[in-house]
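The values are calculated or read from the model by the stated rules, or taken from the named source; none is laboratory data. None of these values were measured; they are calculated from a predicted model. Here the Cβ is made from the backbone with ideal geometry for all residues, glycine too, and neighbour counts use every protein chain on show.
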Amino acid sequence: ADVSALIPTSSDGLMKCVDGRPSDHSAMDGPKALGGVYSIATNRGVTDIEGLKKICEEVKKCGSVPSCHGDEHAHPAPMGCGFFKLWSQSKLEGIPAPKFDSEEGKAAIMEAGGVYECLAGSH
């Protein structure tokens, strides 16, 4: 099959959410999934900070930069990720909510060598 719409990724590219709003970070050539690294956590049933940090290490070993995002109008700002908001409010049926809030998740991702990006505008 012809897959010409696929673009190469780079080791500087963020493993990021598919939100699509303009970012304050330039490394957009990484893999994308709903919620970024949070998508891996939800698929594996990881709900704690230590597990999130391990996922970030794995993403780095695979050649990408782990990340999370917020926006200019959510409070707190890291709650600007709709996927995280739904996850944290137990609105993803059958998926246990995280045992950390958006600010703790942001701090853990950054501590593990990841990036926080701020997105502009609204969905």
What are the residues in segment 106-123 that are more than 23 Å from residue 20 (Cβ to Cβ) and surrounded by fewer than 14 Cβ atoms within 10 Å (Cβ to Cβ), if any?
111, 113
Taking segment 8-51 and keeping residues crowded, with 18+ Cβ neighbours inside 10 Å, hydroxyl-bearing (Ser, Thr, Tyr) and in contact with a strand residue (DSSP E or B) (Cβ under 9 Å, 6 or more places away or on another chain) leaves 23, 38
Checklist (1) modelled with pLDDT of 90 or more; (2) not in a loop (DSSP other than H, G, I, E, B) applied to residue 100, failing item
(2)
Tell me which residues, restricted to segment 59-105, are of a type in the set (Asp, Glu) and exposed (fewer than 13 other Cβ atoms within 10 Å of the Cβ).
93
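Just give me the residues in segment 18-40 being out of contact with any helix residue (DSSP H, G or I) (no Cβ under 6 Å at 6 or more places or on another chain) and closer than 17 Å to residue 53 by Cα, in sequence order.
So in segment 18-40, the residues out of contact with any helix residue (DSSP H, G or I) (no Cβ under 6 Å at 6 or more places or on another chain) come out as 18-32, 36, 39.
Within segment 18-40, 36, 39 meet the criteria.
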The conditions are (1) in contact (Cβ under 8 Å) with a residue 60 or more places away in the chain; (2) among the polar types (S, T, N, Q); (3) in contact with a Phe, Trp or Tyr (Cβ under 6 Å, 6 or more places away or on another chain), and residue 23 fails exactly one of them. Which is it?
(3)
Tell me, which residue of segment 28-45 that is in a loop (DSSP other than H, G, I, E, B) and under 14 Å from the mean Cα position of the chain (by Cα) is farthest from residue 6 (Cα to Cα)?
35
